[in-house]
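Heads up: the structure comes next, in structure tokens.
The values are calculated or read from the model by the stated rules, or taken from the named source; none is laboratory data. Being a predicted model, the structure only gives us computed values, none of them experimental. For neighbour counting, all protein chains shown are included, and Cβ atoms are generated from backbone atoms with ideal geometry for every residue, glycine included.
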Amino acid sequence: MSLSASHPSIAVLCSGGGSNLQALMERIDRGDLEAKIAWVASNNGDSPALERARRAGIPAHHVSVRTEGGPEGVERRLLELVTAHDVQVLVLAGYMKVLPAAVIRALPGRVVNIHPALLPAFGGKGMYGVHVHEAVLESGAQWTGVTIHLVTENYDEGPVLRQRVAAVMPGDTPASLGSRVLALEHDTLWREVRSLLERT
């Protein structure tokens, strides 16, 4: 990515495939999001998100209790990365670990998470990925969508910044609903990151 050093730095935490990371990279390349991704980190050393970052020339780090020796080491390493690269906004894009409180405090009001449902419904422990879409369908809800919220020390309970709605269609499966919601995520996350950078 050939971006000017004057662009603000963001960083992205992922655990899985990194499709939201890919969407952010594409929006940056198109000029829709004026930012540079300083680094990507994952708790999962086999995460395809890390490979996506490496292919784009973005520093990619495996940061987990295994690599850092424990939770304190993870906290220390993430803080080092945030500080060394002057990260303005930290984006959780499918990050399946609780973020250390010290990292949240280091970036007050500048850590965002995307969740594949309309919080506060279908949030909290165990509510991630396909489990969310299964729960939505089991509940009989007519609507779902995406929520982007600030990350606080209470899991999935930070202030909502943006929500977009998707209808639950007759005959939906967790896979079909999840695919539709994911497309909405890809078109929503970059918009809120841009808004947040404009306010900081």
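Annotations for the structure displayed:
- Candidates GLY171, GLY129: the one that is more than 30 Å from HIS7 (Cα to Cα) and modelled with pLDDT under 95 is GLY129.
- The listed residues are VAL111, VAL91, VAL103, and the only one of them that is at pLDDT 95 or above, in contact with a strand residue (DSSP E or B) (Cβ under 6 Å, 6 or more places away or on another chain) and more than 25 Å from VAL136 (Cβ to Cβ) turns out to be VAL111.
- Boolean, LEU79 is buried (at least 18 other Cβ atoms within 10 Å of the Cβ) and either over 21 Å from ARG27 (Cβ atoms) or in contact with a Lys or Arg (Cβ under 9 Å, 6 or more places away or on another chain) (or both): no
- Any hit, region 55-72, residues being at pLDDT 95 or above and closer than 17 Å to LEU189 by Cβ: yes
- Filter result (among the aliphatic types (A, V, I, L, M), touching a His at 6+ places or on another chain (Cβ under 7 Å) and under 24 Å from ALA84 (Cβ atoms)) within region 17-39: ALA35, ALA38
- Residues of region 29-72 satisfying the condition of being within 17 Å of the chain's Cα centre (by Cα) and of a type in the set (Asp, Glu): GLU51
- Among residues of region 73-104, those that are among the acidic types (Asp, Glu) and under 14 Å from the mean Cα position of the chain (by Cα), counted: 0
- Scanning region 110-132 for residues that are surrounded by 15 or more Cβ atoms within 10 Å (Cβ to Cβ) and farther than 23 Å from ALA23 by Cβ gives a single hit, ALA121.
- Residues of region 4-57 classified as β-branched (Val, Ile, Thr) and either over 23 Å from LEU107 (Cα atoms) or touching a Leu at 6+ places or on another chain (Cβ under 6 Å) (or both), total: 1
- Total residues in region 182-200, condition touching a residue at least 40 places away in the same chain (Cβ under 8 Å) and in a helix (DSSP H, G or I): 12
- Pick from region 133-181, criterion in contact (Cβ under 8 Å) with a residue 40 or more places away in the chain and in a loop (DSSP other than H, G, I, E, B), ranking: surrounded by the fewest Cβ atoms within 10 Å (Cβ to Cβ): GLU153
- Taking the listed residues THR147, THR200, THR152, the one that is modelled with pLDDT of 95 or more and of a type in the set (Ser, Thr, Tyr) is THR147, with no other qualifying.
- Residue count, region 75-118 (criterion: in a helix (DSSP H, G or I) and either farther than 18 Å from ALA35 by Cα or touching a Cys at 6+ places or on another chain (Cβ under 7 Å) (or both)): 12
- Condition broken by GLY69, with the remaining ones in (1) more than 25 Å from LEU197 (Cβ to Cβ); (2) in contact with a Ser or Thr (Cβ under 6 Å, 6 or more places away or on another chain) satisfied: (2)
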